[in-house]
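**Student:** Structure incoming, see below.
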Amino acid sequence: MEGILYGVGVGPGDPELMTLQAVRVIRECDLILAPGKEPRETVAWQIAAGAVPELEEKEAVGIHMPMTKDPDTLKKAHGEAAERIIQELAKGRRAAFLTLGDPCIYSTYLYVHKKVRSAGCRAEIISGIPSFIAASAAVGEGLVENAQMLHLIPASYQSEEAAGLPGTKVMMKAGKAAARVRDELLARGEKGWAVERCGMEGERIFHSLDEIPDDLSYYSIIVAKEAGE
Ligand SMILES: C[S@@+](CC[C@H](N)C(=O)[O-])C[C@H]1O[C@@H](n2cnc3c(N)ncnc32)[C@H](O)[C@@H]1O
């Protein structure tokens, strides 16, 4: 029997935001993959376990995905991850790779997905609610109206390039650069908000840019928003 890999988006934090499809696919899989050494300790696992209690009984494998920007280290890790998964698919296994938010948005799953497919194996993407969509709902504000544009900015790589873009700018992956990103936006007189740990324990909501503290964690979204009607 041919194996299959699913990249399953588990949403940003609250298990209630997992889709029915994500829950069904996880239930039907016999192997659960999550990025990190200890799959059961990952954020994605903990979210999924909140909606699929039987997850704890399933076989789990941690997939090493280093947090680095070094292209050689990343290439090597992605190649090894894909090889490991292809071996399991060759045994006919149904594997779910859990990923935070939606697999199509800055997800490490995407590297594996492409490699597994180009090796001729089956791989499918199961949508999840992206963190910036849930963060917008948590703040109680829309992201774009009428003809406004929406830009996703990986802020630890390029936040200054975003200056002058019209519409709404969603700053993701700001990490340690969060205070710098906030200050750049404030210096340009932009308006916006931020959400840290959306739907997770310790969620914090900041309704204006000047409320954002220096110690924002990796799980944060900063939004600079053009005024609506
Ligand atoms: C590697 S990206 C993954 C994005 C994810 N695939 C998605 O659809 O949201 C990680 C970034 O997503 C954002 N993020 C993910 N979960 C979040 C949450 N619960 N609250 C706030 N930001 C979150 C942060 O900007 C974080 O740096």
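Read-outs throughout are calculated quantities, based only on the coordinates presented, and are distinct from any laboratory measurement. Since this is a predicted model, take the numbers as computed values, not measurements. As a convention, Cβ positions derive from the backbone with ideal geometry for all residues, glycine included, and neighbour counts pool all protein chains shown.
**Student:** Which order results if LEU209, LEU20 are arranged by neighbouring Cβ count within 10 Å, fewest first?
**Tutor:** Starting with the residue having the fewest Cβ neighbours, the order is LEU20, LEU209.
**Student:** Shifting gears a bit: Which GluC sites (Glu not before Pro) does the range 125-223 hold that lie in a coil by DSSP with at most 10 other beta carbons within 10 Å?
**Tutor:** Here the GluC sites (Glu not before Pro) that fit, given the DSSP loop and packing criteria, are GLU201.
**Student:** Within 10 Å of each residue's Cβ, count the other Cβ atoms and sort THR42, THR99, THR19, THR68 from fewest upward.
**Tutor:** Ordered from fewest to most neighbouring Cβ atoms within 10 Å, THR42, THR99, THR19, THR68 come out as THR68, THR19, THR42, THR99.
**Student:** How fast does the range 131-225 diffuse by Stokes-Einstein, in µm²/s, taking the Kirkwood radius from C-alpha pairs at 25 °C and 0.890 mPa s?
**Tutor:** The calculation lands on 189 µm²/s.
**Student:** For the range 85-142, which trypsin sites (Lys or Arg not before Pro) are in a loop by DSSP, counting at most 16 other Cβ atoms within 10 Å?
**Tutor:** Those satisfying the criteria are LYS91.
**Student:** Taking LYS58 as the anchor, which lysines have their alpha carbon closer than 17 Å to its alpha carbon, excluding any fewer than eight residues away along the same chain?
**Tutor:** Leaving aside lysines fewer than 8 places away in the same chain, those within reach of LYS58 are LYS37, LYS91.
**Student:** Return the lysines within reach of LYS169: Cα separation strictly under 17 angstrom, same-chain partners fewer than 8 residues apart disregarded; answer none if there are no such residues.
**Tutor:** The reachable lysines, counting only those whose Cα sits under 17 Å from LYS169, are LYS191, LYS225.
**Student:** How large is the helix-only mean residue ellipticity at 222 nm for the chain, computed as the sum of -39500 (n - 2.57) over DSSP H runs with n ≥ 4, divided by its residue count, in deg cm²/dmol to the nearest 500?
**Tutor:** -9000 deg cm²/dmol
**Student:** For the peptides 163-174, 4-15, what is the packing order when you average, over each peptide's residues, the other Cβ atoms within 10 Å and list the highest mean first?
**Tutor:** 4-15, 163-174
**Student:** Over every pair of different alpha-carbon atoms in the chain, take the mean of 1/r and invert it; report that Kirkwood radius in Å.
**Tutor:** Final number for the Kirkwood radius of the chain is 18.5 Å.
**Student:** Counting Lys and Arg as +1 and Asp and Glu as -1, what is the net charge of the other residues whose Cβ lies under 13 Å from the Cβ of THR168?
**Tutor:** Taking every Cβ under 13 Å from that of THR168, the sum is -1.
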